[in-house]
Amino acid sequence: MHTKTLTELGLGLHQRQFSSVELTQHFLQRIQDYDDQINSFITVTKEIALAQAQAADVCLQTGKTHPLTGIPIAHKDIFCTQGVKTSCGSKMLDNFIAPYNSTVIEKGSEVGLVMLGKTNMDEFAMGSSTETSYYGIVKNPWDIQAVPGGSSGGSAAALAARLTPLATGTDTGGSIRQPASLCGVTGLKPTYGLVSRYGMIAFASSLDQGGPMACHAQDVALLLNVMTGFDPRDSTSLNRPKEDYCVHLNDSLTGLKIGLPKEYFAEGLDAQVAQVLEVAIKELEKLGATLHEIHLPHNHLSVPIYYIIAPAECSSNLARYDGVRFGYRCEHPKDLMDLYKRTRAEGFGAEVKRRIMIGTYALSAGYYDAYYLQAQKIRRLIKEDFVKAFQEVDVIVGPVSPTPAFNIGEKVNDPITMYLSDIYTISVNLAGLPALSMPAGFVKQRPVGLQVMGNYFDEARLLNIAHRYQQCTSWHTMIPQGFA
Amino acid sequence: MSLQKEEVEKIAHLARIALSEQDIPLYTRNLSDILAFVEQMNNIDTSKITPMAHPLDTVARLRTDEVIENNQRDLFQEIAPQVETGLYLVPKVIE
């Protein structure tokens, strides 16, 4: 059951070949059997899952269903789940039982998705390796010496190990696409504003976006349909007519103009990764696409400005963690200042503290113009590079990560090296554009993903490209040894 | 851009994060490295550019000024570290 697509599972459920309870139990058993090897889950919600599966089975019998009714899903532990621990990978929220559901969770429940549990992640979504979680590192099922990527490493690893057929992630600087690439699964970051951020623990408000992850592009499309939609409770949620992201999945790629940024295929990209991507891009050509060189001249500034903007926004968003109303509180505070300072020193990990402090500095009196404002100006230049490029081409294709998965511990003590691994993903968040990562091959037995970036609201086209590519390749169906 | 110990202590104070004496050198190094890394931003002339705070340049959406939420104080206070008669308790602020 864990190798089937959602369409096959949905058919199986509707035709009563198996029940949602049986399907759910299958995945719960796999989590029990395999997750201690990869640590992809923080919380497994067994009772809730079985209750939701039973309710789904009732719906399936009466015929009141949605294509995803009864299908199991794992949610990144950044989405508030009412009555269920929501930790964001942090000691600060280790004792936090969310009093409400995020919109993403609500939408999932409404269509009858069955929540298997909450997946592990870099603390407060800050990281590219899922090595900063309070709940321990997540290991890449393809090679347990390797990182799964981050910050949605738990979701990506759980999908790769076939512990869940669907997962949610969030992407602020690449945190869906990069772990998807490193784990050989498919993940999409939607246009900013398409997926409601209500109940999604905030890291950098102008960059954060929740998005779908799965093994197959068509499954990602099905989940995207559920996740999107105007939400009045999110002031950045866009009010647009609802779209069906599955309708164009099978469209021909003839005439598709693909832009290849000169800056992405330059030094810094591992030569073997470049080779894998070259082969993948040729496949797209065979499917009818034409290739065009484009320029994104300000791309080299994307990482530096991101590491001002994101920390600045995070320093503001994480100011709420003060030990007063919820979450961790230090013991025996001497006075209010001591309460704040020790709660935050003890509750946050090193990377989170680093970023809060950089952000505080960048926003402080005397530095705001030189850092934050300057970064936001360059941000406009980066967006304009893309606007110009999309006048010439339909989509932009490139690497997700400069290398395949690196080893656990390799970059964790060198923040800048870690930050530079986001070089191909960050600019898309800065510009608010949609992008996906799809499996495209392997280097030294570790997966490599190809990134497809689109113009605003062009998710359907990105999924179409990924789906057509997956119809003539089989990278996305491969399962790591030991997890079959 | 190399930060001095006093600057790091000031930042930590603004951020309300306690830093021990042992921590300070590491954070000073890390923060200085990051600031040196972002210096590249200054190689570009941005004098004629408007800052972009939102990817789609949208403005805040307004709604009519009417009460739409219920008071759920008790529910939300169930998870508080210390509460009493509807108030959150903290160490004494005024001597």
Mind checking which lysines have their C-alpha under 21 Å from B:LYS92, skipping anything on the same chain fewer than 8 residues away? A:LYS334, A:LYS341
The ³J(HN,Hα) series, computed from each phi in segment A:64-72 with the Karplus coefficients 6.51, -1.76 and 1.60 at θ = phi - 60°, rounded to the nearest Hz and given as x for glycine or proline, is 8, 10, 10, x, 9, 4, x, 8, x
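Please report the equivalent ellipsoid semi-axes of segment A:1-159, computed as sqrt(5 x eigenvalue) of the Cα gyration tensor, largest first, in whole Å. Spell out each step's value before the answer.
On the way: eigenvalues 152, 66, 27 Å².
After diagonalising the Cα gyration tensor, the semi-axes are 28, 18, 12 Å.
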Give the Rg (one decimal place) followed by the Dmax (whole number) of segment A:375-414, computed from C-alpha coordinates and expressed in Å. 15.9, 42
Length-normalised contact order of chain A in % [C-alpha pairs under 8 Å, at least 6 apart]: 18 percent
Please report how far the C-alpha centroid of segment A:20-78 lies from that of segment A:143-188, rounded to the nearest whole angstrom. 18 Å
With a point put 7 Å past each Cα toward its Cβ, work out how far A:GLN82 is from A:HIS292 in nm, to one decimal. 4.9 nm
If amide H atoms are modeled at 1.01 Å from N in the peptide plane, then the residues at a separation of 5 or more from B:VAL83, or on another chain, having amide H under 5 Å from its own are B:LEU89
Residues meeting the amide H criterion for A:ASN101 (H placed from the backbone, H to H distance under 5 Å, 5 or more places apart or on another chain) are A:GLN82
Among the GluC sites (Glu not before Pro) within segment A:329-427, which fall in a DSSP loop and have no more than 10 other Cβ atoms within 10 Å of their own Cβ? A:GLU331
The percentage of the accessible area of chain A (probe 1.4 Å, all protein chains present) made up of carbon and sulfur atoms, to the nearest whole number, is 51 percent
So, for segment A:71-190, what is the accessible surface per residue at a probe of 1.4 Å, expressed in square angstrom? 16 Å²
Accessible area lost on pairing A with B, both sides, 1.4 Å probe, Å² to nearest 100? 5200 Å²
Dividing the surface of the Cα convex hull of segment A:202-356 by four yields a projected area in nm² of 13.9 nm²
When the C-alpha atoms of segment A:429-484 are aligned to their principal axes, what extent does each axis show, in angstrom, from largest down? 39, 25, 18
Cα atoms only, the protein assembly as shown: Rg and Dmax in Å? 23.0, 77
I'd like the Karplus ³J(HN,Hα) series for segment A:12-26: coefficients 6.51, -1.76, 1.60, θ = phi - 60°, whole numbers in Hz, and an x wherever there's a Gly or Pro. x, 5, 5, 8, 6, 5, 8, 9, 5, 4, 5, 4, 5, 5, 4
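For every helix of n ≥ 4 consecutive DSSP H residues, a contribution of -39,500 (n - 2.57) applies; sum these over chain A, divide by its total residues, and give [θ] at 222 nm rounded to the nearest 500 deg cm²/dmol. Walk me through the numbers before you get to the answer.
Working: 15 runs with 182 residues, N = 484.
Rounded to the nearest 500, it is -11500 deg cm²/dmol.
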Considering only Cα-Cα distances, which of the following residue pairs are longer than 19 Å: A:LYS91/B:LYS5; A:LYS85/A:LYS189; A:LYS91/A:LYS411; A:LYS76/A:LYS353; A:LYS257/A:LYS388? A:LYS91/B:LYS5; A:LYS85/A:LYS189; A:LYS91/A:LYS411; A:LYS76/A:LYS353
Shape call for segment A:242-292, from the Cα gyration tensor axes a ≥ b ≥ c (a/c under 1.5 means rounded, otherwise prolate when a/b beats b/c, else oblate), comes out prolate
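Given a cut-off of under 8 Å on Cα pairs at least six residues apart, what relative contact order in percent is computed for chain B?
Working: 34 pairs, mean separation 20.2, N = 95.
Once divided by the residue count of chain B, the mean separation gives 21 percent.
Dividing the Cα radius of gyration by the Kirkwood radius, what Rg/Rh value follows for segment A:218-305? Before the final figure, lay out the partial values.
Working: Rg = 17.8 Å, Rh = 16.6 Å.
My calculation puts Rg/Rh at 1.07.
With Cβ to Cβ distances under 11 Å as the rule, what net charge do the other residues near A:PRO402 carry (K, R +1; D, E -1)?
Working: positive: none; negative: A:GLU267, A:ASP270, A:ASP422.
Charge balance near A:PRO402 sits at -3.
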Per DSSP helix of 4 or more residues, -39500 (n - 2.57); summed, then divided by the residues of chain B. What does that give at 222 nm, rounded to the nearest 500? -9500 deg cm²/dmol
Segment B:35-95: which trypsin sites (Lys or Arg not before Pro) are DSSP loop and have at most 14 other beta-carbon atoms within 10 angstrom? B:LYS48, B:ARG61, B:ARG63, B:LYS92
Theoretical gain in end-to-end length, A:GLN32 to A:ASN407 [0.36 nm per residue, Cα-Cα removed]: 132.5 nm
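The values are calculated or read from the model by the stated rules, or taken from the named source; none is laboratory data. Predicted, not measured: the structure shown is a model, and the values here were computed from it. Every residue, glycine as well, gets a Cβ built from its backbone with ideal geometry; the counts of neighbours run over all protein chains shown. With ligands, DNA and RNA removed, areas are computed over all heavy atoms of the protein, side chains included. Shrake-Rupley method; radii C 1.70, N 1.55, O 1.52, S 1.80 Å.
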